[in-house]
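The values are calculated or read from the model by the stated rules, or taken from the named source; none is laboratory data. Note that the structure is predicted; figures quoted are calculated from it, not measured. Positions of Cβ are backbone-derived with ideal geometry, glycine not excepted, and every protein chain shown enters the neighbour counts. Calculation scope for accessible area: heavy atoms of the full protein, side chains included, ligands and nucleic acids excluded. Shrake-Rupley method; radii C 1.70, N 1.55, O 1.52, S 1.80 Å.
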Amino acid sequence: MTVEQITAAMGALGLYDGRNTPAVHDEVAAQFGSADIYRVRLLNSLLGSVQREAMLADEIEMDEENEYGVWEEQLKSAGAYDDTVAQTTFVRWQTRRASLPMEVLARFEDTGPLPAATANASEALLVLLDAFRALHVAYQADDVQAAAAQTELLERAKESLQAAIQNTDRMLDLLKGMGR
C-alpha cells in the first residue's frame, strides 16, 4: 500500500481529514527519517483504530463456531488461512506486538514482578511458536535432524516459563506479606 492509499483508507473510516499532497507526505516522511517509517506509522495508526473497533465488536456474545469464524476471517484477510506456517508466523507477529508494552514495562524494577512474569510468559510463547513453526516445517520435509534441533528452543521456552512462575511466586509472596 502506498501512503496515499493508506490515508485514503483512513479518510474513508473518518480517521484522517488531511488532503496532503505528495510533497507534504514527503516532508512528513523526512521528519520521521524515511518514507518507510512514515508508511509504517500510518499503517499502525490504521491498524490500531481497526483493532479497537474489532475489540469493541468482539464484546458481543457469540457461540464458539462464530468466534472461530471471526478468527478465520482475520486469517483469510492476512493471507494465512490455509497455511500452518503462515498462521504461526501471523500469530507470532500478533503476540510480539501485544507483548512489547509489557516487556518495556518489565524493565522498570519499581513496577514489580507481574510485568516481568508477563514478559517472561510472552517470551516463552514467542519461542514456542518459533519451535512449532520449525517443527512443522521439519516434519513436512521429513527432516529428523531439523526437528531434533528444536530442543534448544524448547529449553529456552521452558526457562522463560520457569522465570514467569518465579516472578508470579514473588508477587504472591508480596501479597502474603501484606496480610492477605
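At-a-glance table
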read-out: Candidates 99, 160, 45: whichever shows maximal mean-square fluctuation once the chain is modelled as a Gaussian network with Cα springs under 10 Å; value: 45
read-out: Residue 65 accessible area, 1.4 Å probe, all protein chains in place, Å² to nearest 10; value: 150 Å²
read-out: Exposure ranking of 125, 46 by accessible area [1.4 Å probe, largest first]; value: 125, 46
read-out: Most fluctuating residue given options 84, 21, 95, as computed from a GNM of the chain linking Cα atoms under 10 Å; value: 21
read-out: Two-site label geometry, residue 93 and residue 81: point separation in nm, points 7 Å out along Cα→Cβ; value: 1.7 nm
read-out: Dipole magnitude (debye, nearest 20) for the range 105-180, charges at Cβ of Lys, Arg, Asp, Glu; value: 340 debye
read-out: Sum of side-chain charges, residue 21 neighbourhood, beta-carbon under 14 Å (Lys, Arg +1; Asp, Glu -1); value: -2
read-out: Area of residue 110 that stays accessible when all protein chains are in place (1.4 Å probe, Å², to 10); value: 140 Å²
read-out: Within the chain: Cβ-based charge dipole about Cα centre, in debye rounded to nearest 20 (Lys, Arg +1; Asp, Glu -1); value: 680 debye
read-out: In degrees, nearest ten, helix 151-177 long axis to first principal axis of the chain (Cα); value: 80 degrees
read-out: Listed values (1) 19.4; (2) 18.9; (3) 19.9, entry calculated as Kirkwood radius over Cα pairs in Å; value: (3)
read-out: Most fluctuating residue given options 32, 132, 90, as computed from a GNM of the chain linking Cα atoms under 10 Å; value: 32
read-out: Exposure of residue 82 as accessible area (Å², to 10), given a probe of 1.4 Å and all protein chains; value: 140 Å²
read-out: In degrees, nearest ten, helix 84-106 long axis to first principal axis of the chain (Cα); value: 80 degrees
